[in-house]
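Computed from the coordinates by the stated procedures, all read-outs in this text should not be read as laboratory data. Please read these numbers as outputs of a predicted model, since none were measured by experiment. All Cβ positions, glycine included, derive from the backbone under ideal geometry; neighbour counts span all protein chains shown.
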Amino acid sequence: MSDISRMAAAFEEKSKQQAESTEQAVKHAFEKHENALLLALNESEQRTSAAIAAQHQRLRQTALKSWMAIVIPVSLMFLLGTSAIMTMGWYIDHQVNEILNNRTTLEMLHERGGSADLNHCGEDRRLCVKIDESAQHYQGGYRIMEGY
């Protein structure tokens, strides 16, 4: 029995060693697998983060383009309207000044006989003026025009 006992003890010892060896191998395999999974997860996280950042950048560019599609035409319309208003203001101011100058010229002409009745007379169509027959005669053949 002592042989059987020794063999059983040796078998038990060998079984323990194999169990420990198997446990170490499984533990090592699990650690290796765990490290591989962690690396894969980290890579996946980095790819996902990069994809999110790229999509965010594309969305930002799209939003910027959308705003530019609104801001540029509105700005151009504002500039066009402002320039049209300024041009019309200048044109109206110029016309008012021209009217005032014409009124001044008209008043000056009226004072100098601008209300005289001029016409073309005779076969030669010479310039003639209507004379006030009741007015006094002046030296040198001058007479007063009618309407002045």
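Each residue, ALA29 and VAL71, gets one label point 7 Å from its Cα in the Cβ direction; the gap between the two is 6.2 nm.
Residues in the stretch 9-26 carry Karplus couplings, in order, of 5, 5, 5, 5, 5, 5, 5, 4, 5, 5, 4, 5, 4, 5, 4, 5, 5, 5 Hz; the curve used is 6.51 cos²θ - 1.76 cosθ + 1.60 with θ = phi - 60°, and Gly or Pro positions show x.
Net charge dipole, the stretch 1-50: roughly 80 debye, given to the nearest 20, about the Cα centre with Cβ charges of +1 for Lys and Arg and -1 for Asp and Glu. With R₀ fixed at 41 Å, the C-beta to C-beta distance from THR22 to ALA51 puts the FRET efficiency at about 0.45.
Students often get this wrong, so try it: which of (1) 44, 36, 26; (2) 46, 32, 23; (3) 180, 29, 18 is Cα extents along the principal axes in Å as calculated from the structure shown? The value computed from this structure is option (3). For the stretch 2-85, a crude dipole built from +1 on the beta carbon of Lys and Arg and -1 on the beta carbon of Asp and Glu, taken about the Cα centre, is about 720 debye to the nearest 20. For a label point 7 angstrom out from the Cα of ARG103 toward its Cβ, which stretches of the stretch 53-95 have the backbone nitrogen within less than 17 Å? Under 17 Å, as judged by backbone N against the label point of ARG103, lie 92-95 of the stretch 53-95.
Dipole orientation for the chain: of the candidates ALA53, SER15, VAL26, SER15 has the Cα lying most toward the positive pole (charges on Cβ; Lys, Arg +1; Asp, Glu -1).
Highest GNM mean-square fluctuation among ARG47, ARG126, ARG58, for the chain modelled with Cα contacts below 10 Å: ARG126. Dipole orientation for the stretch 2-85: of the candidates VAL71, SER83, LEU37, SER83 has the Cα lying most toward the positive pole (charges on Cβ; Lys, Arg +1; Asp, Glu -1).
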